[in-house]
Amino acid sequence: SLHDALPISLTEVVRKRKTKLGFSTPQQKWIAGDRRGLMHHLIQQPRLQLHRILAVDKMARELQSFLDGDPDSLTDLEIFRIMNLELWAQAFNVS
């Protein structure tokens, strides 16, 4: 494995380093811009892979509400997470 191939000192240095930082992603731009077609395609499928936990009609309304700039809609991060969960479920045939 990759972990076994790394020198133990490097792994420990990285693991214990206190200066590690997270990073943000531009999911709002992805949803509203170049990924908009994918989002609409995902929720317009006859049957979502995660249909038992995602309501297609509600998801379509929430996505449209977000794209319309409604401040009461789900956040870009919430929509992004839901869409990624659905893509993950499709990739691994989870239902």
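Sequence-ordered 3J(HN,Hα) estimates for segment 79-95 from the Karplus curve with 6.51, -1.76 and 1.60 and θ = phi - 60° stand at 5, 4, 5, 5, 5, 5, 4, 5, 4, 4, 4, 5, 4, 10, 6, 9, 9 Hz, glycine and proline given as x.
Surface exposure of segment 19-89, expressed per residue as accessible area with a 1.4 Å probe, stands at 69 Å². Annotation: peptides 37-43, 14-20, ranked by per-residue average of other Cβ atoms within 10 Å with the highest first, follow the order 37-43, 14-20. Take 53-63, 23-33 and order them by the average number of nearby Cβ atoms within 10 Å per residue, most first; the result is 53-63, 23-33.
A simple spin-label model places pseudo-atoms 7 Å from Cα toward Cβ; at Val94 and Thr19 they are separated by 3.6 nm.
The values are calculated or read from the model by the stated rules, or taken from the named source; none is laboratory data. Predicted model only: the values in this text are computed from it and were never measured. Virtual Cβ from ideal backbone geometry, glycine too; neighbours counted across all protein chains shown. All accessible areas refer to the heavy atoms of the entire protein, side chains included, with ligands and DNA or RNA removed. Shrake-Rupley method; radii C 1.70, N 1.55, O 1.52, S 1.80 Å.
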